[in-house]
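Asks: Starting off with a structure, shown below.
The values are calculated or read from the model by the stated rules, or taken from the named source; none is laboratory data. Predicted model only: the values in this text are computed from it and were never measured. Note that we place each Cβ from the backbone using ideal geometry, even for glycine, and neighbour counts take in every protein chain shown.
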Amino acid sequence: MEHEPIMTTVRDVIAEWARRDDVRLGSLPDGGYALADAILELILSAPESVRLELAAKLNPWRPISEAPKDGTKILTAIPWLPYAKPLFWAKYANDWRCPATENRDGPYEPTHWLPLPAPPSEDEL
């Protein structure tokens, strides 16, 4: 039985990509790790603007200006809180509200957001 490759580092991910049949890089005696090291070296030596662009693409947090304002509950980052806070946009108040407290501990001024993860399935409960 074929198993999923274990990819614990960026280097592992790049090497696994290099070994794929559809990539057609030919024989890779070291399993693609020299290529992975070369790619990582290129990325790390790229101009800061390129590295920042890559970091932004890999960061799941989005600016709050892009958040849904249709009542959808989301996770938010609020500068004065040390944890992510679930909030929703309340059209009736023209403000971010906490679904649990209706702002007894607000007002909130989130800067970034993430969608809420899917709830566990029945099998996971």
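Asks: In segment 97-118, which residue that is of a type in the set (A, V, I, L, M) and in contact (Cβ under 8 Å) with a residue 40 or more places away in the chain is surrounded by the fewest Cβ atoms within 10 Å (Cβ to Cβ)?
Replies: In this case the residue turns out to be L116.
Asks: Need a quick list: strands (runs of 3 or more DSSP E) entirely within segment 42-98 having at least 3 residues that are at pLDDT 90 or above, within 17 Å of W113 (Cβ to Cβ) and under 20 Å from the mean Cα position of the chain (by Cα).
Replies: Output list reads 74-77, 85-90.
Asks: Would you please list the contacts, defined by Cβ atoms under 6 Å and residues six or more apart or on different chains, that run from a residue in segment 1-27 that is over 18 Å from L54 (Cβ atoms) to a residue that is aromatic (F, W, Y) and modelled with pLDDT of 70 or more?
Replies: Sorted first by the residue in segment 1-27, then by its partner, the pairs are A15/Y33.
Asks: Still on this structure, please answer the following. Mind counting the residues in segment 64-96 that are surrounded by 10 or more Cβ atoms within 10 Å (Cβ to Cβ), within 30 Å of I43 (Cβ to Cβ) and out of contact with any Phe, Trp or Tyr (no Cβ under 8 Å at 6 or more places or on another chain)?
Replies: Qualifying residue count for the region: 1.
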